[in-house]
Amino acid sequence: MSFSDSPSETKFREKVRQFADRHIAPIAQKVEDGYFPREVLQRLGEERLLGAAFPKADGGLGLGWVFETIVAEEISAVSAATEMARLASGALYAAPFAYFATKVQKRRYLFPVLAGEKVGALALTEPKAGSDAASLKTYARRTGRDFVLNGEKRFITNGGVADFLFVFAVSDRSKPSTAGLSCFVVPRESRGLEVVKAYGLLGMHGANVVHLRFRNVRVSEDNVVGGINQGFPILLDELDRERPAVAAGMLGIARSAFESAVDYSMQREQFGRSIREFEGVSFKISDMAVQLEASRLLVLKAARLLDEGKSARLEGAMAKLFATEAAFDVAHQALQIHGGIGYTRDLPIERYFRDARFMMIGGGTSEIMRFLIQREIYQGRTRRSC
Ligand SMILES: Cc1cc2nc3c(=O)[nH]c(=O)nc-3n(C[C@H](O)[C@H](O)[C@H](O)COP(=O)(O)OP(=O)(O)OC[C@H]3O[C@@H](n4cnc5c(N)ncnc54)[C@H](O)[C@@H]3O)c2cc1C
């Protein structure tokens, strides 16, 4: 397993970096002011930068998950909120289609999203079901060939702007949720689908995160992805795949904060010398560099395992836990190195700090990552001793 980018990965990274500099950097402040970057998603699709992980036959680039993490890191390094919109549509929404949908469903609901023409969102979390995703209440009642959905979903990224929602709902209440869950594609124009509110967020301004209500929303059986009552394995697969990409996004923020801190510590003078000459500053840079390197290696390992067709449940959880906590710490230290100016809106440092806080919660909290990691370790021991 290689611990650095291959020549093709380096070339691809350069391409995404150029895209981000050209098309995202100029609107990063506008996004920060609350603008949803739909045109960026469109352009990413046009320039064939969406769906790096998915097979070409499914409208993807056929490159794999390492390339997906490269996109996540490079876009997030410039605008984490733009990356959040991309990730929710081009990875979280798209992944279950790529691996579980029929050809017809892919043509209708995946291809246009990967082409950047349509936007997707993944709707799992509910008011009473957050970390405990197996306790969903949204109910899909069967009526002939249709299902009728009732319930609420909250904190749904892209939820107010998405053309299609990928919704997890209970389809058989007589079974435990692991056996009675189904996945539905719900088009935006469906009757009974309502945006209750858009949330104001600490960071990730410009991301569209909403509370949704489903009131007798009728969905055809044709819009069930992966088979009726087959939703739970799809959920686990989706969560396992998203974690390296989420971690890579946080690595992008950390990298930008780190680079700013290095530059600033070389330029800023106090007591007649640049502040980098004080160990109180330069040792912070050392610690940040180690955190970045460790995050990068964990992300790469998890993504390479996925590309080898192996499970990355343990490694993905480790990558997400470490990279998200490291990103917040790196952003915190970078702000400290900038002193007062770091706390102002004159520089993007305070934005990195706010944005980096999110992913210790989103996509499974740090506590849940720790839970998953210890479970994998103990299960591995039990398997070996049997
Ligand atoms: C900005 C934003 C965007 C989001 N986007 C999406 C999206 O697009 N789609 C989607 O479906 N969801 C989305 N989410 C939801 C996100 O995944 C959840 O917020 C997250 O999983 C935590 O759930 P919760 O907020 O209900 O917290 P809770 O589950 O109520 O947790 C509260 C606290 O209890 C802790 N806790 C809970 N259970 C345990 C345990 N067993 N052991 C130890 N500690 C525990 C948690 O770690 C946390 O600290 C988003 C959230 C935010 C804030």
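FYI, it's all coordinate maths here, none of it is from the lab. Note that the coordinates shown come from a computational prediction; the quantities given were computed from them, not determined experimentally. Cβ: placed from backbone, ideal geometry, glycine included. Neighbour counts: every protein chain shown.
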Provide Tyr264, Tyr139, Tyr378 in ascending order of the number of other Cβ atoms located within 10 Å of each residue's Cβ, fewest first. Tyr378, Tyr139, Tyr264
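List, in the order given, every pair from Lys15/Lys106; Lys128/Lys175; Lys103/Lys301; Lys153/Lys301; Lys30/Lys106; Lys56/Lys103 whose Cα-Cα distance in the structure shown is over 23 Å.
Values: Lys15/Lys106 27 Å; Lys128/Lys175 19 Å; Lys103/Lys301 31 Å; Lys153/Lys301 33 Å; Lys30/Lys106 33 Å; Lys56/Lys103 13 Å.
Where the Cα-Cα span goes over 23 Å, the pairs concerned are Lys15/Lys106; Lys103/Lys301; Lys153/Lys301; Lys30/Lys106.
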When the charge dipole of the chain is computed with +1 at the Cβ of Lys and Arg and -1 at the Cβ of Asp and Glu, the Cα pointing farthest to the positive end, of Pro348, Leu193, Ala302, is that of Leu193
Relative to the first principal axis of the alpha-carbon coordinates of the chain, what is the inclination of helix 65-78, with its axis defined by its Cα atoms, in degrees from 0 to 90 and to the nearest 10? 60 degrees
Could you name the aspartates and glutamates in cross-link range of Lys310, using Cα to Cα under 18 Å and dropping any fewer than eight places away on the same chain? Glu68, Asp237, Glu238, Asp240, Glu242, Glu376
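For the stretch 122-229, what value does the Rg/Rh ratio take when both radii are computed over Cα atoms and Rh is the Kirkwood radius, given to two decimals?
On the way: Rg = 13.5 Å, Rh = 13.9 Å.
Checking Rg against Rh, the ratio lands at 0.97.
How much net charge surrounds Ile377 when only the other residues with a Cβ under 15 Å from the Cβ of Ile377 are counted, with Lys and Arg +1 and Asp and Glu -1? Working shown, then result.
On the way: positive: Arg313, Arg370, Arg375, Arg381, Arg383, Arg384; negative: Glu315, Glu376.
Taking every Cβ under 15 Å from that of Ile377, the sum is +4.
If we count every other residue with Cβ under 9 angstrom of Gly180's Cβ, Lys/Arg +1 and Asp/Glu -1, where does the sum land?
Summing Lys/Arg as +1 and Asp/Glu as -1 gives +1.
Going by how many other beta carbons lie within 10 Å of each one, how would you line up Phe328, Phe19, fewest first?
Details: Phe328 24, Phe19 19.
The order, fewest Cβ neighbours first, is Phe19, Phe328.
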Gaussian network model of the chain, Cα within-10 Å springs - most flexible of Asp346, Asp58, Asp222: Asp346
Pair-distance profile P(r), taking every C-alpha pair of the chain, with 10 angstrom steps and integer %: 5, 24, 33, 24, 10, 3, 1, 0
Cα to Cα, under 14 Å, and not fewer than 8 places away if on the same chain: which aspartates and glutamates meet these conditions relative to Lys118? Glu39, Glu46, Asp163, Glu189
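For each of Lys310, Lys320, Lys118, count neighbouring Cβ atoms within 10 Å of the residue's Cβ, then give the residues from fewest to most.
On the way: Lys310 11, Lys320 34, Lys118 22.
Fewest to most other Cβ atoms nearby, the residues stand as Lys310, Lys118, Lys320.
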Helix 279-307: inclination vs the chain longest Cα principal axis, degrees, rounded to 10, gives 30 degrees
